[in-house]
Amino acid sequence: MARIAEALTQTFKSFSPDGLADRLFGDSLEDWWQDYAQELAGSAYSNPVQSAFFITTFAAMGHMAKVDGRIQESEISLANSVMGHFNLHADHKRLAIRLFNEGKESDFNLESVLGRFNKSCQHRVSVLHAFIEIQLKLAFVDAELNSKEKNLLARMCKRLDIPKSVYQRIERRVASGQLGNAAPVQPTKPMGLADACTVLGVSRWTSKQDIKLAYRRLMSQHHPDKLLARNSSKQEVEQATEKVQQIKCAYEMICKIKKFR
């Protein structure tokens, strides 16, 4: 086991295949993305949302680890731990390492990859939150966030449309050690029409006008500003913020599927 761990450590540090930049940026983002998605075909990460989570998580971890100039042993250990939680077999572990090393390249186009990830998630906020949770765990591996890590996390949240209040809640949980040794949250299936209808309390046959009314009623009912006016607790406000985001995602999904304007 010690030899395996040492080999993985050396791989993380030294992997730099010829033509890496040409491969990543010579091809379009979609070609690069599909190459990885195809390698995940037939695995537990063959679902488009699952594969998007896998690809982006490990590439972003490499970017996060290198953002302050050098990769520490503790960061490599955390990356290995995440792979262990995912129960990756040898081929997929090599794939994760490859993504990590591509992500740490100075010209890695993280913004584009995050945009592709956000699009692939199809409104599944739990997937985005799980991603940020893992990046925070890596950033906190040395017990504190430096300015470069903070800036990178802020960029990630902005690109993924994660509200500041939600990010702060996840950050507090990671910083306080409440996550312990628990496995990172696994992303769930994308929101479909049935899920969206359940959130809004409507059916797939409900009229456009009634769907709009249901949306407006729920937004008014759960809006965080109303809780703030009643001096509600910070936790209640954060929960309301998440609920509002879920309602918005559900409404946008129904509008997209039913072609509402």
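Data overview
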| item | result |
| --- | --- |
| Pairs where the first residue, in segment 122-144, is touching a residue at least 60 places away in the same chain (Cβ under 8 Å) and surrounded by fewer than 18 Cβ atoms within 10 Å (Cβ to Cβ) and the second is among the hydroxyl-bearing types (Ser, Thr, Tyr) and part of a helix (DSSP H, G or I), C-beta under 9 Å, 6+ apart | 142/74 |
| Residue within segment 52-69 that is assigned to a loop (DSSP other than H, G, I, E, B) and not charged (D, E, K, R) present | yes |
| Filter pass, residue 131 being in contact with a helix residue (DSSP H, G or I) (Cβ under 9 Å, 6 or more places away or on another chain), farther than 26 Å from residue 241 by Cβ and modelled with pLDDT of 90 or more | no |
| Residue among 79, 96, 90 that is more than 30 Å from residue 247 (Cα to Cα), surrounded by fewer than 21 Cβ atoms within 10 Å (Cβ to Cβ) and hydrophobic (A, V, I, L, M, F, W, C) | 90 |
| 3 or more residues touching a Ser or Thr at 6+ places or on another chain (Cβ under 8 Å): qualifying helices (runs of 4 or more DSSP H) within segment 82-182 | 90-103, 110-121, 125-139 |
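The values are calculated or read from the model by the stated rules, or taken from the named source; none is laboratory data. Computed from a predicted model, the values in this text were never measured in an experiment. Glycine gets a Cβ as well: all are built from the backbone with ideal geometry, and neighbour counts include every protein chain shown.
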